Amino acid sequence: MNLLRWVLIKNLKSHAGEEVEIRGWLYNQRSSGKVRFLILRDGTGLVQCVLTKEEAPGLFDLAGEITQESSLKLTGTVREEPRAPMGVELSVTGIELISRAEPYPITLKDHGVDFLADRRHLWIRSPRQAAILRIRSTVEQACRDFLNSRDFVLADAPIITPNACEGTSTLFEINYHDSRAYLSQSGQLYNEATAMALGRVYCFGPTFRAEKSKTRRHLMEFWMLEAEAAFLDYEDNIKLQEDLVYHLVQTVLERHRDDLRLLKRDISKLEAVSLPFPRLSYTEAVSLLNEKGHSFQWGDDFGAPDETVISESYSSPVFVHRFPAKIKAFYMEPDPKNPEVILGADLIAPEGYGEIIGGSQRISDLSLLERKIKEHNLPVDQFQWYLDLRRFGSVPHSGFGLGIERTVAWICGIEHVRESIPFPRTLYRMHP
RNA sequence: UCCUCGAUAGCUCAACGGUAGAGCAACCGGCUGUUAACCGGUAGGUUGCAGGUUCGAAUCCUGCUCGAGGAGCCA
C-alpha cells in the first residue's frame, strides 16, 4: 500500500508551496459569506483549510454542505500562515466527500462526564483525547524499548489463572469449562518462573481487579508493565525503576511537546523530574505525615490522602521503602537488618497521582517462603509450582510492576485515569 | 459497602411553591480572515421513575433507578 499518495497533517510543514492531498474528518467549519474555513483532523493533527467564493464558487457551496465529522479527501496548496496555530494552512483546490456525517452528538461545546463516557467511541476523536492516546502509545513503546535495551525478554504471563497470585485483592471469576478460574491480577508469579528461565523478563498486559473502587485512580481493567530479573537485588531494582520512569518522562517531553501543550500540561513540572528520585523509608514517611499534622500510626497502610501529602514534598516521584511486612505481599524479602520490614518500595508520583510502581526483592529461601504462605492463609498446594522455583536453583531476584494508566495520567496531567485508556472499565460502566 | 452531590430541550445550564427559559447544536437567512467566529429568525419539553403534601409541584416529603466525587479496599 502506497501511503505517500496523501500527506499526514503533522507533516504538512515540510510540504510548503506544494499541492498535496490530505484525508480525514471535518472537525469544524466557519464561514463569513465569501470565505470558508474547514478544520480537518486526521489523527495526527488539525489544519485549517481555506476556500473563497470568488476563486471556486462550486467548491465553496459544496463545502457548506459538509457536516461535522464527515469524512473527506482534500487537495490544496500548503501555505505558511503566521495566523494559523499550526503555522500552515491549506488553500483548497479540490474536495471529495467520502461520507456525509449525520448530526454529530459531541459538539465543540462543554459536555458532561456521563454523556461523553456513553459515547467514548466518538469522544476519542476529540483533539484532547487523541493527544492522551498518542502519549499512551509512546509511553508503552518507551517501556518496551527501555527494557529491551537492557536485555530483558518479553515473556507474556497468562490472563486466565487458577488462583489468586497474591491473595490480597478481589478477582473476577470466570467459568473455565466448568471449573473455576480467575482473570489475572498480576503476572508477577509467572514472571519469577520465566526469569529463572530467561534471566531478565517482563510482561505487559491487562490486569483485572474486582474491588469496588470508585475513585479517579482506579479501573477494573488496567495495563501493567511487570519486570523481573534474576540476581537483581533490592538496590539494583530501585535504580532500574527510576531509570525507567525518567526515560518515560524524557521520551514524552521529546516527542509530544505539542500534545502536552494541547493538554495544557504544566511542562515545567515534568522538566523538574530528575535523578536520583528521593527515597524515604516507611518509618520516615510516618514521621513526615505526623510533622505535617496528619496523625498516622506506624503499621497502617497509606491511604490516598497520605500519598498525596508525601508526594507534595518532592518534584520527582518518591520511593517509600521498607514497609512493614504484614501490610505487604507474602513474597517480599524481609530486610536482614530488621525483619519487621521488607526490601521493597512503592514509587509515588508527584502531584497526588498516587502509587505508580510497587516493587521488591523476592524471598528466595524455600522454608521462609513456605512459612509466609501459611501465615497469609494461602493454599500451599496451589503454590507448589511457585515453591519449585526455590527448590531448583533459587537465586536472589527482584521485580516491580508499573501501572500504565496512572503513569500516563500523571504525565498528561489529567484528572482521571479513565481518559488514559481507549475504553475504560470503571465500577459502574463497561459500555461501549 | 458507606458518605456527599446530581438527574429540566440533542448538549451545558437557569427557573427554588404561582404561565418551563437562555446559550450552543439542528434548520432558514446575512456577513472576505474566522480561531468553541459573529448577527437575525424558526423549531425543539411526560422537568429520571413511582407515590405523597398542596387550591397549585421542576421546586417540598418518601421510596426507587441511574450516574458522579470521595472513603474503605486496592495499583
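The values are calculated or read from the model by the stated rules, or taken from the named source; none is laboratory data. What you are looking at is a predicted structure, and each value in this text was computed from that prediction instead of being measured. A quick note on method: Cβ atoms are made from the backbone with ideal geometry, for glycine too, and the neighbour counts reach across all protein chains shown. Just so you know, the surface numbers come from the protein's heavy atoms only, side chains and all, with ligands and any DNA or RNA stripped out. Shrake-Rupley method; radii C 1.70, N 1.55, O 1.52, S 1.80 Å.
Worth pointing out:
- Ligands, DNA and RNA left out, the accessible area of region A:3-99 computed with a 1.4 Å probe is 52% carbon and sulfur.
- Relative to the dominant Cα principal axis of chain A, helix A:234-255 is inclined by about 0°.
- Rule-of-thumb Rg ratio for region A:311-373 [Cα; 2.2 N^0.38 Å; N residues]: 1.26
- Compared with the dominant Cα axis of chain A, that is its longest principal axis, helix A:282-291 is turned about 70°.
- Trypsin sites (Lys or Arg not before Pro) lying in DSSP loop within region A:53-160, provided at most 12 other Cβ fall within 10 Å: A:Arg83, A:Lys109
- For region A:78-164, the alpha-carbon coordinates run over 58, 36, 26 Å along the three principal axes, in decreasing order.
- The P(r) of region A:242-321 has a tail past 21 Å containing 41 percent of all C-alpha pairs.
- Restricting region A:325-432 to chymotrypsin sites (Phe, Trp or Tyr not before Pro) that sit in a DSSP loop and have at most 15 other Cβ atoms within 10 Å of their own Cβ leaves A:Phe392, A:Tyr428.
- Taken about its Cα centre, chain A carries a charge dipole of about 960 debye when Lys and Arg each add +1 at the Cβ and Asp and Glu each add -1 at the Cβ.
- Computed from label points 7 Å out along Cα-Cβ, the spacing between A:Asp178 and A:His431 is 3.4 nm.
- Shape analysis of chain A yields a ratio of the Cα radius of gyration to the Kirkwood radius, Rg/Rh, of 1.06.
- Share of alpha-carbon pairs per 5 Å distance bin for region A:169-271, given as whole %: 2, 10, 13, 14, 16, 17, 14, 8, 4, 2, 0
- If you sort the three axes of the alpha carbon gyration tensor as a ≥ b ≥ c, you get a/c of 1.5 or more for region A:60-124 and a/b no higher than b/c, which makes it oblate.
- Between A:Asn28 and A:Glu415, the C-beta separation translates, for a Förster distance of 25 Å, into a calculated FRET efficiency of about 0.50.
- Estimated inter-spin distance, A:Glu284 and A:Lys269, nm [label 7 Å along Cα→Cβ]: 2.4 nm
- Debye intensity ratio in log₁₀ form over the Cα atoms of region A:3-99, taken at each q of 0.10, 0.11, 0.12 Å⁻¹: -0.21, -0.26, -0.31
- Out-of-range pairs (alpha-carbon distance over 27 Å; input A:Lys109/A:Lys269; A:Lys337/A:Lys372; A:Lys13/A:Lys73; A:Lys269/A:Lys292; A:Lys337/A:Lys374; A:Lys109/A:Lys212): A:Lys109/A:Lys269; A:Lys109/A:Lys212
- Between A:Phe231 and A:Arg391, the simple spin-label model (points 7 angstrom out along Cα→Cβ) gives 2.6 nm.
- Over chain A: helical MRE at 222 nm, DSSP H runs n ≥ 4 each giving -39500 (n - 2.57), nearest 500: -9000 deg cm²/dmol
- Cβ-derived FRET efficiency at R0 60 Å, A:Glu54 paired with A:Glu291, nearest 0.05: 0.25
- Within region A:301-326, backbone nitrogen closer than 20 Å to the virtual label 7 Å beyond the Cα of A:Glu375 toward Cβ: A:301-302, A:321-326
- Here the dipole of region A:214-363 is about 380 debye; that uses its Cα centre as origin and unit charges on the Cβ of Lys and Arg (positive) and Asp and Glu (negative).
- Spatial offset of region A:12-39 relative to region A:138-160 amounts to 40 Å, using the alpha carbon center of each.
- Extension reserve of the A:Thr170-A:Thr107 stretch, reckoned as 0.36 nm per residue once the Cα distance is removed: 18.7 nm
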